[in-house]
Ligand code: IPM
Ligand code: MG
């Protein structure tokens with residue numbers, strides 16, 4: 001298959017982790033005889049510095065002309081601590097999502113056998129957890145009208161949803177549940193918010209069209225607690241934009257590190273793949289950023305084009321790296337010797353040579369390997 005992939009490394013650790021994902025995709029192309037062309041473009045704080053715009057026109061044009069987008073991370077502390085700035089890095093990502101119509105954000109959350117003890121949650125509570133979060137991505141409070149009074153003392157953000165916006169992601173969530181555990185949980189705040197009551201109404205109506213799927217409902221405050229208490233009860237979680245943002249970071253605790261969580265942002269015409277983590281500016285160029293979320297986002301990219309065997313091969317390599325403890329310090333507190341790049345190298349190597357890399361790296365966790 002021939003694919004044109006736009007690569008938007010963005011800010012902070014974005015470039016470091018994206019480099020590993022590209023490396024891995026190149027190995028897949030070689031191994032499975034595909035032709036992937038990568039073209040880079042600027043976004044976020046980096047683009048503000050260069051072009052005065054977090055989403056320069058040429059970046060948007062490249063994304064529109066590409067088959068898929070691989071995205072790194074966005075954000076810079078300089079903007080976080082100065083609310084008066086009108087141009088902000090995050091606008092680049094938000095505009096991109098809106099302009100490309102990326103309304104469905106899919107975030108898989110999995111408890112890997114080999115990272116069960118890295119989570120602060122109890123092993124027996126999280127073992128076997130496998131959740132797919134369907135987060136609405138182009139509506140709600142993120143995109144509603146924003147107001148700031150002239151004296152600067154009153155502000156508001158409108159949370160608005162139309163039936164159409166709810167319907168399209170709801171169908172995707174139910175379809176996903178068909179090939180999973182056949183359960184959808186709608187997370188909302190229908191006891192307080194009018195917009196949540198519309199979600200309940202529309203999702204309930206659509207649920208009738210999927211009689212084989214069990215639909216249940218949780219208020220977001222309770223859902224936040226249930227995710228920690230008993231995450232295994234969930235299969236597909238369907239929710240609006242901001243609740244999805246919050247509970248997906250929370251859910252990453254189950255896997256032991258936010259550095260493991262990938263995502264796909266899907267629309268009618270376009271698709272973007274990005275780790276759910278931020279730009280982690282404290283870690284820039286230290287080689288400690290976990291590239292796995294970015295690499296697993298590349299696997300989701302392959303799944304999107306029905307290259308499932310290829311995607312599974314990446315996942316197998318990732319699981320092997322976790323099993324052998326070839327991980328960055330977020331998952332490996334006693335070992336600062338394995339860098340972002342080396343995790344990428346191992347996964348790349350495993351893809352072209354599963355048997356060999358197995359042998360070469362087996363003793364890494366014991367500090368006995370001289371290979372890396
Ligand atoms: C995410 C991020 C973004 C969001 C930020 C960077 C705008 O937190 O993708 O989860 O809030 O959607
Ligand atoms: Mg977030």
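Side notes on the structure shown:
- Across region 228-257, the number of residues qualifying as within 17 Å of residue 127 (Cα to Cα), within 16 Å of ligand 1 (Cβ to nearest atom) and outside any loop (DSSP other than H, G, I, E, B) comes to 5.
- Scan of region 186-207 for residues that are in a loop (DSSP other than H, G, I, E, B) and touching a helix residue (DSSP H, G or I) at 6+ places or on another chain (Cβ under 8 Å), ordered by number: 189, 190
- Per-region count, region 258-285, residues in a loop (DSSP other than H, G, I, E, B), more than 19 Å from residue 94 (Cα to Cα) and modelled with pLDDT of 95 or more: 2
- Looking only at region 175-185, and only at residues there that are part of a helix (DSSP H, G or I) and touching a strand residue (DSSP E or B) at 6+ places or on another chain (Cβ under 6 Å), the one that is surrounded by the most Cβ atoms within 10 Å (Cβ to Cβ): 177
- Only strands (runs of 3 or more DSSP E) whose full extent lies in region 15-125 are considered here, and the ones with at least 2 residues that are away from ligand 1 (no atom under 14 Å from the Cβ), modelled with pLDDT of 95 or more and in the same structural domain as residue 311 (by TED's automatic domain parsing) are 35-40, 68-73.
- So residue 251, is it crowded, with 24+ Cβ neighbours inside 10 Å, under 18 Å from the mean Cα position of the chain (by Cα) and within 23 Å of residue 96 (Cα to Cα): no
- Residue check, residue 9 crowded, with 21+ Cβ neighbours inside 10 Å, in a strand (DSSP E or B), modelled with pLDDT of 95 or more and away from ligand 2 (no atom under 16 Å from the Cβ): yes
- Matching option when the condition is closer than 30 Å to residue 158 by Cα and touching a helix residue (DSSP H, G or I) at 6+ places or on another chain (Cβ under 8 Å), among 265, 294: 265
- Exactly one residue among 96, 62 is buried (at least 16 other Cβ atoms within 10 Å of the Cβ), under 18 Å from the mean Cα position of the chain (by Cα) and closer than 12 Å to residue 8 by Cα, and that residue is 96.
The values are calculated or read from the model by the stated rules, or taken from the named source; none is laboratory data. Bear in mind the structure is a predicted one, so any value in this text is a computation, not a measurement. With ideal geometry, Cβ positions are generated from the backbone for all residues, glycine too; neighbour counts draw on all protein chains shown.
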